[in-house]
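A.B. asks: Here's a structure for you.
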Amino acid sequence: MASQRDYYQILGVSETATTDEIKKAFRRLAKQYHPDRNPNNPQAADRFKEINEAHDVLSDAEKRKKYDQLRRYGAFAGAAQGYGRAGGSASGPEADFDLSDLGSFGGLGDLFSSIFGRRGAGAPLDDEEEIETAISIPFRVAALGGKVPVTLTLPQVCPTCSGSGGAPGTTFSTCPECKGRGTISFGQGGFAVQRPCPVCRGRGKVPAQPCPTCQGSGEVRAQKHLTITIPPGTEDGTRLRLKGQGAKGRGDVVVAIQVEPDRFFRREGLDVIGVVPINLAQALLGSKIKVRTLDGKRVVLKVPPGTQHGQKFRIPGQGIERNGRRGDQYVEIHVQIPEKLTPEQEAAVREFAEKSGMKH
């Protein structure tokens, strides 16, 4: 778990927040703390991971229901009747609680595992982890589909020590802290929990000389280049899961999609709407105009005489296609009125108005 704080606090929403409110809060915070906008700020990267984790739970109705059950047990900072990490004694509402400790609490541990899809504290220490990131894609890529490159910085097995943490050729001895078990206990009685040994990092053995590349951690951070396939009709806020592309070649990468606005099109379901300006003469007398479609084609649209500002014309089958269905394209007419008239133009308009019986 990246966070020990209350997920509602992380997103800045109330526990009665609607799905839309949670989604809006996530978008705002994800944009603010995205690593691309904060390249030299590790705190922002941690905050971004925290925000994604909170959204992943609270945006899923089933996960949120189970999470709320855990909150009622006081398992999160800010929830009533919380428990301290080390001694298991009751503490105030602001107490931190390490969620991985729930693996030793019977039903609570099972409930936690069912929420996050992970095993409890007794699971192997190299448990798979889920990596989350967010990317922005152009409107047309989201509508028509395509491929988008993504670069992630992920932990990988150290190539020098192959994950052992020891320098090449060094000897290993049983960890003096955990006596080779790889875990140590914290707390007392029913609140005792198993945690990875901080000395041997859960391996049960310590090297006589640590690896010079990873300083004994067994892993290094490296860039991973991925190509994401965007399905046609992808909506803003869609989350795509890349199986087995996570840290150390295990776990998944979850990509949150942010769709950039288009200068011409906007979307309504599978339909797309584009605004086309015409002049007053075209609106009054009618005209033929060329309109660009979503896939870049040009079609000729007949504008009838007397077309009104804001009137829409339908071009069938030129919208977004998804699951065998395709929407339409609508052209929304905006009639442009001259801001200034010459004396001759003004006289002509007055004459037209008088002959047409228009008040002015």
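The values are calculated or read from the model by the stated rules, or taken from the named source; none is laboratory data. Here the structure is a predicted model, which is why all the values come from computation and not from measurement. We place every Cβ from the backbone using ideal geometry, glycine too, and count neighbours over all the protein chains shown. Please note that ligands, DNA and RNA were not included when accessible areas were found on the heavy atoms of the full protein model with its side chains. Shrake-Rupley method; radii C 1.70, N 1.55, O 1.52, S 1.80 Å.
A.B. asks: Within 10 Å of each candidate Cβ there may be at most 15 other Cβ atoms; applying that plus a DSSP loop requirement, which trypsin sites (Lys or Arg not before Pro) in the range 287-360 survive?
C.D. replies: LYS297, LYS340, LYS359
A.B. asks: Amide H to amide H, which residues 5 or more places from SER287 or on other chains are under 5 Å from it, using H placed in the peptide plane?
C.D. replies: When sequence neighbours closer than 5 places are left aside, the close amide H contacts are VAL303.
A.B. asks: Ignoring ligands, DNA and RNA, what percent of the accessible area of the range 214-360 is carbon or sulfur (1.4 Å)?
C.D. replies: Working: 4650 of 9180 Å².
Of all accessible area on the range 214-360, carbon and sulfur atoms account for 51 percent.
A.B. asks: What are the ³J(HN,Hα) couplings of the range 289-295, residue after residue, when phi is run through the Karplus curve with 6.51, -1.76, 1.60 and θ = phi - 60°? Round to Hz, x for glycine and proline.
C.D. replies: 10, 8, 10, 8, 8, 4, 8
A.B. asks: So what's the convex hull volume per residue for the Cα atoms of the range 273-360, in Å³?
C.D. replies: 109 Å³
A.B. asks: Okay, moving on. Taking a 29 Å limit on the Cα-Cα distance, which of the listed pairs LYS63/LYS243; LYS31/LYS243; LYS24/LYS290; LYS290/LYS340 fall beyond it? Each step should come with its number before you reach the end.
C.D. replies: Working: LYS63/LYS243 20 Å; LYS31/LYS243 25 Å; LYS24/LYS290 37 Å; LYS290/LYS340 27 Å.
Check vs 29 Å cut-off fails for LYS24/LYS290.
A.B. asks: Suppose the chain between ARG325 and VAL150 were pulled fully straight at 0.36 nm per residue; how much longer would it get relative to their current alpha carbon spacing?
C.D. replies: Numbers: separation 175, 0.36 × 175 = 63.00 nm, distance 2.92 nm.
Taking ARG325 through VAL150 to full extension adds about 60.1 nm, to one decimal.
A.B. asks: Near the amide H of GLY163, under 5 Å away, which other amide H atoms are found, from residues 5 or more places off or on another chain, if H is placed in the peptide plane?
C.D. replies: Sorted by chain and number, the residues that satisfy this are CYS158.
A.B. asks: Still on this structure, I have one more. Regarding the range 215-271, what are the three Cα extents along the principal axes, ordered largest first, in Å?
C.D. replies: If we take the Cα atoms of the range 215-271, the spans are 55, 21, 16 Å.
A.B. asks: Hey, another quick one. Can you run phi through the Karplus equation (6.51, -1.76, 1.60; θ = phi - 60°) for the range 214-220 and list ³J(HN,Hα) in whole Hz, with x for Gly and Pro?
C.D. replies: Once θ is set to phi - 60°, the couplings for the range 214-220 become 10, 6, x, 6, x, 8, 10 Hz.
A.B. asks: By a straight-distance test (C-alpha under 25 Å), which lysines pair with LYS297 as possible cross-link partners, with residues fewer than eight away in the same chain excluded?
C.D. replies: LYS147, LYS288, LYS312
A.B. asks: Another question, then. What is the spin-label model distance, in nm, from LYS355 to ASP60 if the labels are put 7 Å beyond Cα along the C-beta direction?
C.D. replies: Spacing of the two 7 Å Cα→Cβ label points: 7.1 nm.
A.B. asks: Enumerate the calculated ³J(HN,Hα) couplings along the range 45-58 in order (Karplus 6.51 cos²θ - 1.76 cosθ + 1.60, θ = phi - 60°), each rounded to whole Hz, writing x wherever the residue is Gly or Pro.
C.D. replies: Each residue's phi maps through the Karplus curve to give 5, 5, 5, 5, 5, 4, 5, 4, 5, 5, 5, 4, 7, 6 Hz.
A.B. asks: Amide H of ILE184: which non-local residues (sequence gap of 5 or more, or other chain) have their own amide H closer than 5 Å, using H built in the peptide plane?
C.D. replies: ARG195, CYS197
A.B. asks: Can you figure out the FRET efficiency of VAL199 with ALA44, using R₀ = 30 Å and their beta-carbon distance, to the nearest 0.05?
C.D. replies: For VAL199 and ALA44, the calculated efficiency is 0.45.
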